[in-house]
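Here is the structure we will look at.
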Ligand code: HEM
Ligand code: HEM
């Protein structure tokens, strides 16, 4: 892990702040492409049209690549770095204020649960979407309802996800959206890094 020397001015120019590379280009490309495809499917693309299906398949492919990357990619992208751990997520919530000086280089334990939820919900959307086009499930009411429910749950999750990103940014002082764009987390002086 490379970082400018502690105590020296970070690349952002703030004394003591460190810029630490965390998100590799593949993670960032997949994140913003998935967000764009979901946005298109939720707004401008006709749900009955071919482009809706194509955008949905693109999401499936992108999530599949990201899941493989979780096994073989660099440290911060690996599942082992942010395992789904509800107990750790609860602890993270409980120590909300006490942990204000700690910065997680990958997802924090609460964010990790949300990330797994987002991936599962996206996969549920794709599976129910594909099922609707099969002879066996064509016109079956519950499959359509499952697709709609998965979509509603995704929208709730994304709202919580973005809310969590904003709260964590305010709490830790690390601009997380910027990090998902540039790949580097700017860690304030004196913060503990995990
Ligand atoms: C449909 C919309 C979205 C979906 C499905 C989504 C999904 C995800 C997923 C799956 C991750 C984990 C990334 C990985 O490890 O590969 C993630 C991380 C992240 N997302 Fe989103 N996202 C969406 C929209 C947004 C938006 C609009 C923002 C900006 C406000 C945003 C900001 C972030 C940030 C900053 C992270 C990294 C969080 C951290 O540092 O732990 N996302 N998102
Ligand atoms: C990220 C992926 C996806 C998102 C966000 C998404 C979103 C949506 C939304 C918002 C609707 C409208 C639901 C309503 O009527 O209230 C819909 C309907 C539908 N979607 Fe998807 N979808 C996705 C993937 C797919 C895939 C992969 C397929 C098929 C291969 C698919 C096929 C359909 C079909 C057939 C309908 C019903 C159209 C109708 O008869 O009204 N979707 N989807």
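Within segment 68-89, being surrounded by 12 or more Cβ atoms within 10 Å (Cβ to Cβ), assigned to a helix (DSSP H, G or I) and out of contact with any helix residue (DSSP H, G or I) (no Cβ under 7 Å at 6 or more places or on another chain) holds for one residue alone: 76. Give the residue that is nearest to residue 58 (Cα to Cα), with candidates limited to residues of segment 15-31 that are at pLDDT 95 or above and either buried (at least 18 other Cβ atoms within 10 Å of the Cβ) or within 14 Å of ligand 2 (Cβ to nearest atom) (or both). Only one residue fits best here, namely 30.
For first residues located in segment 28-51 and in contact (Cβ under 8 Å) with a residue 24 or more places away in the chain, partners that are surrounded by 15 or more Cβ atoms within 10 Å (Cβ to Cβ) and part of a loop (DSSP other than H, G, I, E, B) and lie 6+ apart or on another chain with Cβ distances below 9 Å form the pairs 28/183; 31/23. When segment 52-77 is examined, which residues are found to be more than 16 Å from ligand 2 (Cβ to nearest atom) and in contact (Cβ under 8 Å) with a residue 12 or more places away in the chain? Correct list: 69, 73, 74, 75, 76, 77. Given the condition at pLDDT 90 or above, over 18 Å from residue 82 (Cβ atoms) and under 21 Å from the mean Cα position of the chain (by Cα), answer yes or no: does some residue in segment 100-107 qualify? No, because not a single residue in segment 100-107 is at pLDDT 90 or above, over 18 Å from residue 82 (Cβ atoms) and under 21 Å from the mean Cα position of the chain (by Cα). Applying the criterion of being surrounded by 16 or more Cβ atoms within 10 Å (Cβ to Cβ) and in contact (Cβ under 8 Å) with a residue 60 or more places away in the chain to the residues of segment 131-157, the residue that is farthest from residue 32 (Cα to Cα) is 151. Scanning segment 171-185 for residues that are part of a helix (DSSP H, G or I) and modelled with pLDDT of 90 or more yields 176, 177, 178, 179, 180, 181, 182.
With respect to (1) under 25 Å from residue 138 (Cβ atoms); (2) in a loop (DSSP other than H, G, I, E, B); (3) within 14 Å of ligand 1 (Cβ to nearest atom), the lone exception for residue 105 is condition (1).
The values are calculated or read from the model by the stated rules, or taken from the named source; none is laboratory data. If you're wondering where the values come from, they're calculated on a predicted model, not measured in any experiment. Virtual Cβ from ideal backbone geometry, glycine too; neighbours counted across all protein chains shown.
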